[in-house]
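Worksheet: the structure to be examined is printed underneath.
Each reported figure results from applying straightforward, stated rules to the coordinates on display, with no laboratory input. Note that the structure is a prediction, hence the values are computed from the model and not measured. Don't worry about glycine lacking a Cβ; one is built from the backbone with ideal geometry, like all the others, and counts go over all protein chains shown.
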Amino acid sequence: MHLFKIVFHIDEMNKWELALGNVSNFIEDIGNAEYFIEIVANAAAVKLFATTNDSATSELVREMEGLVKQGIKIAVCKNALRANAIPETVLPDYVTVVPAGITKLVMLQEQGYCYIKP
C-alpha cells in the first residue's frame with residue numbers, strides 16, 4: 001500500500017477554505033491509502049485564529065477539527081502569531097505552535113513530504 005506524506009502551506013487568510021478543501025479532497029481520493037498530512041500556517045494566515053467569532057471562520061475551524069480527527073496535524077508559526085499580536089491562548093487545543101513556520105516546512109520536506117501551496 002502506498003504511503004503519502006504531504007505538507008500544505010498556507011500564508012494567506014483567503015486561502016484557508018481552498019487549503020482545507022484540498023486536504024479533504026485528497027483524503028477522499030486516496031481511499032484507504034496511508035497518509036501523513038500536515039498543514040503549516042504562517043504570515044497572514046494565522047489571523048484566522050484571531051477572528052473566531054465570525055461565522056465563516058467558525059465553519060473553517062469546525063472543518064479543521066474534523067480533519068484533525070482524521071489524523072491531520074496543524075502547526076502555526078510563533079513568529080507570525082507575535083507579528084500579528086495573536087496570543088497562543090486563543091488557539092484551539094489541536095493546533096501546535098512551532099518557532100518558525102518556514103523551518104517546519106523545510107524540515108518536513110527533508111523528511112520526504114510533498115509540498116503543496118494552494
Open item on the list: Give the residue list of chymotrypsin sites (Phe, Trp or Tyr not before Pro) in the range 20-118 that are DSSP loop and have at most 15 other beta-carbon atoms within 10 angstrom.
Closed with: Y94
Open item on the list: Kirkwood Rh over alpha-carbon pairs of the chain, then Stokes-Einstein at 20 °C and 1.002 mPa s: what D in µm² s⁻¹, rounded to an integer?
Closed with: 149
Open item on the list: Helix-only estimate, please: 222 nm mean residue ellipticity of the chain, summing -39500 (n - 2.57) across DSSP H runs of length 4 or more and dividing by its residues, to the nearest 500.
Closed with: -11500 deg cm²/dmol
TODO: With a cut-off of 17 Å, note down the residues of the range 96-118 whose backbone N falls inside the zone around a label point 7 Å from the Cα of A33 toward its beta carbon.
DONE: 112-117
Open item on the list: Let's test the formula: R0 of 22 Å, r as the Cβ-Cβ distance of R62 and T96. What FRET efficiency results, to the nearest 0.05?
Closed with: 0.70
Task: Gaussian network model of the chain, Cα within-10 Å springs - most flexible of N84, N32, N22 - done: N32
